[in-house]
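Undergrad: Can you read through this structure? Questions will come right after.
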Amino acid sequence: MPTDDTGVTELLRRASDGLTPDVDRLVSGGITRGRSRQRRARIGTTVASLAVIGVIGTLAAVVPHLGDPDSTSSEVATEPTATEAPTGTPTGTPTVEPPAPATTERALGRFGAAAVPGTVDEVLGTALAAPSRPTDTVVDDVDEKVVYFPYDGMETAVGMEPNQLLTVARCEEVNAGLGGSCVELDDGTVQLSWGPTLADGVTCQGVSAYRYGFVVWANSCNAASSKDSPPLADRPPLSLQQLTAITTSEVWFE
């Protein structure tokens, strides 16, 4: 070892011979520093835990409780994705409801027998219908109306009742004995037209319209009675076109 190094070592040894370390203070300081580090570590852990709990709490307030039967999806309003079609009716687009099927009350309930002649005048824009006479046939049941009355002094009859006839073929089958013709109108109504037919010296003709699960029919004759009565005109007072207007009028179903 070099002489310079030996001198330095000796000098340091002599300088430290009189030093006595304070062991208690050194140990106490080490313990204090250790406890400070532990406190800082616990505080950091607590802060980190609170941060995590805060994030979880925030997510719990936003995300629905999946699998929780007591939770509802109404807690969050979500926008439809590209593969998810929006539900409901688009704003501004009216919903077209199919027409309600006719019921007996809807078709017949508001019409007492006494109202039928006046309704015929209303449909045709005339004032030739008279109230039923004591000898005229009148049926005024809840599910059936049949009213005979004079129109321009000659016998006219209007009736209506439930009837589920749906096709022209069925119309021709059921009404083959009348020798009339069956057609389907643009709105789906199946219409039977017959006459003019001469019987017992009286000429009569009629139209029946099957629609909404009902049949509305109207007949017109050229005499005061459809049997054994002298003709009062060359033809019935109501034409087939007028009888069609009566039987296909919406007034019976309003």
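Undergrad: What is the distance, in nm, between label points placed 7 Å from the Cα along the Cα-to-Cβ direction at A176 and at A114?
TA: According to this spin-label approximation, the distance is 4.5 nm.
Undergrad: Taking the Cα centre as origin and putting +1 on Lys and Arg beta-carbons and -1 on Asp and Glu beta-carbons, what dipole magnitude results for the stretch 133-248, to the nearest 20 debye?
TA: In total the dipole reaches around 180 debye.
Undergrad: Roughly speaking, to the nearest percent, how much of the stretch 127-254's 1.4 Å accessible area is carbon and sulfur?
TA: The value for the stretch 127-254 is 51 percent carbon and sulfur by accessible area.
Undergrad: Ok, one more. Considering only protein heavy atoms, what per residue accessible area in square angstrom results for the stretch 186-254 with a 1.4 angstrom probe?
TA: 43 Å²
Undergrad: Measuring from label point to label point, each 7 Å out along Cα→Cβ, what is the T167 to E254 span in nm?
TA: Once both label points are built, they end up 3.5 nm from each other.
Undergrad: What length, rounded to one decimal in nm, is gained on full extension from L128 through to L198, with 0.36 nm per residue of separation minus their alpha-carbon distance? List each step's numbers first, then the result.
TA: Details: separation 70, 0.36 × 70 = 25.20 nm, distance 2.35 nm.
Stretched out fully, the L128 to L198 stretch lengthens by 22.9 nm.
The values are calculated or read from the model by the stated rules, or taken from the named source; none is laboratory data. Given the structure is predicted, the values throughout are model-derived calculations rather than measurements. All Cβ positions, even for glycine, are placed from backbone atoms using ideal geometry, and neighbour counts span all protein chains on display. What goes into the accessible areas is simple: the full protein's heavy atoms, side chains included, and nothing from ligands, DNA or RNA. Shrake-Rupley method; radii C 1.70, N 1.55, O 1.52, S 1.80 Å.
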